[in-house]
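This report refers to the structure that appears directly beneath it.
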Amino acid sequence: MNSPAPDAVVAQGLTKRFGGFTAVDNLDLRIARGEVMGFIGPNGAGKSTTIRMFCGLIRPTEGSASVAGFDVGSQQQQVREHIGYMSQKFSLYGDLTVRENLRFFGGIYHVPRPEMAERIDDAVAMARLEGQEDTLVATLAGGWKQRLALGCAILHRPPVLFLDEPTSGVEPEARRRFWDLIHELAAGGVTILVSTHYMDEAEYCGRIALIDRGKLVAIGSPGELRSHGLGGTLYEVECTPLGAALEALHEARGVVDAAIFGDKLHVVLKPDGMSAQALTALLNTRGLQSSAAREVLPSLEDVFVRLVSRGRDTREMA
């Protein structure tokens with residue numbers, strides 16, 4: 001019986017400090033081969049620093065990590081040869097054509113010369129840029145540029161791919177096409193860690209790792225996080241004025257959390273606490289105009305806000 005393949009990315013106690021500031025704090029993470037892992041967190045949470053350590057660009061202060069079987073602290077060159085990396089900032093050359101950029105990066109990645117033309121054609125097809133090979137990159141639309149950058153990152157056919165907010169600033173339709181490419185690569189066995197601040201994109205990931213202030217707050221599939229991440233049942237209430245209603249709910253027993261969501265309130269109630277009817281009655285007794293509370297399915301944004309808030313409350317009390 002064959003033993004399972006080792007995980008493509010493993011971090012144990014991974015920590016990075018810059019002086020007195022801890023950017024990544026005792027991170028444990030495992031990513032299976034062929035998995036698409038979402039890396040979610042607010043700005044400054046430590047996502048980019050973690051990815052840079054995984055890429056062998058900076059050394060961990062403490063702990064360890066391996067990528068494609070190589071240690072990121074002592075085998076940086078081997079790590080870099082076995083990964084593709086794409087940053088949130090477009091990094092190709094605008095005064096070169098699509099084909100010239102691909103040829104340039106193929107040289108950087110030491111793609112064998114006899115295979116170069118075939119690899120470039122494959123990258124063009126993967127990025128759906130047929131007919132644009134001789135177009136200057138500076139004239140391409142944002143979504144096309146990002147697909148080209150992805151094509152350049154996989155020219156050497158790496159088993160692991162790190163994408164750091166790759167669709168930032170790209171229009172929604174182009175973002176969706178970009179994710180189609182990500183899943184095509186994963187279906188071919190490529191392991192992908194992708195950071196994003198778009199909650200709708202997180203739905204496309206097999207699992208999501210939520211990081212805040214350098215710490216791993218939660219990990220699981222989108223469905224698992226929605227089912228268990230809130231610590232209660234989510235209700236939606238239409239109420240005016242929203243500010244006064246929010247204040248009343250923050251003081252009420254049985255309310256796990258309450259937040260303004262558009263022109264409504266999203267309220268999380270403890271499983272054995274206040275009922276939906278009691279919630280509506282509470283608002284009405286405060287002289288507020290409210291609709292009947294109705295149970296709604298939580299979005300990943302609801303879960304994200306709750307888990308980050310809960311994690312910060314726990315750390316501040318410690």
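The values are calculated or read from the model by the stated rules, or taken from the named source; none is laboratory data. Please read these numbers as outputs of a predicted model, since none were measured by experiment. Note that each Cβ is placed from the backbone with ideal geometry, even for glycine, and that neighbours are counted across all protein chains shown.
For the range 234-273, the tally of residues that are among the small types (Gly, Ala, Ser), in contact (Cβ under 8 Å) with a residue 12 or more places away in the chain and under 19 Å from Glu301 (Cα atoms) stands at 2.
For the range 188-220, the set of residues classified as without any contact (Cβ under 8 Å) to a residue 40 or more places away in the chain and hydroxyl-bearing (Ser, Thr, Tyr) consists of Tyr198 only. Taken over the range 121-148, the criterion of being free of Cβ contacts under 8 Å to residues at least 24 places away in the same chain, more than 20 Å from Arg176 (Cβ to Cβ) and assigned to a loop (DSSP other than H, G, I, E, B) is satisfied by Gly131 alone. Across the range 214-256, the number of residues qualifying as of a type in the set (D, E, K, R), modelled with pLDDT under 90 and under 27 Å from Leu27 (Cα atoms) comes to 1.
When residues of the range 98-120 are filtered for being among the aliphatic types (A, V, I, L, M), part of a helix (DSSP H, G or I) and surrounded by 18 or more Cβ atoms within 10 Å (Cβ to Cβ), how many remain? Count: 3. Tyr93 meets all of the listed conditions (1) surrounded by 18 or more Cβ atoms within 10 Å (Cβ to Cβ); (2) closer than 19 Å to Arg147 by Cβ but one, namely (1). Can you tell which of Asp25, Asp95 is among the acidic types (Asp, Glu), assigned to a loop (DSSP other than H, G, I, E, B) and out of contact with any Cys (no Cβ under 9 Å at 6 or more places or on another chain)? Selected residue: Asp95, the only one of Asp25, Asp95 that is among the acidic types (Asp, Glu), assigned to a loop (DSSP other than H, G, I, E, B) and out of contact with any Cys (no Cβ under 9 Å at 6 or more places or on another chain). Under the condition of being modelled with pLDDT under 95 and in a loop (DSSP other than H, G, I, E, B), the residues counted in the range 35-45 number 5. Going by the conditions given, is Phe39 within 23 Å of Val308 (Cα to Cα), among the aromatic types (Phe, Trp, Tyr) and out of contact with any His (no Cβ under 7 Å at 6 or more places or on another chain)? Yes, satisfied.
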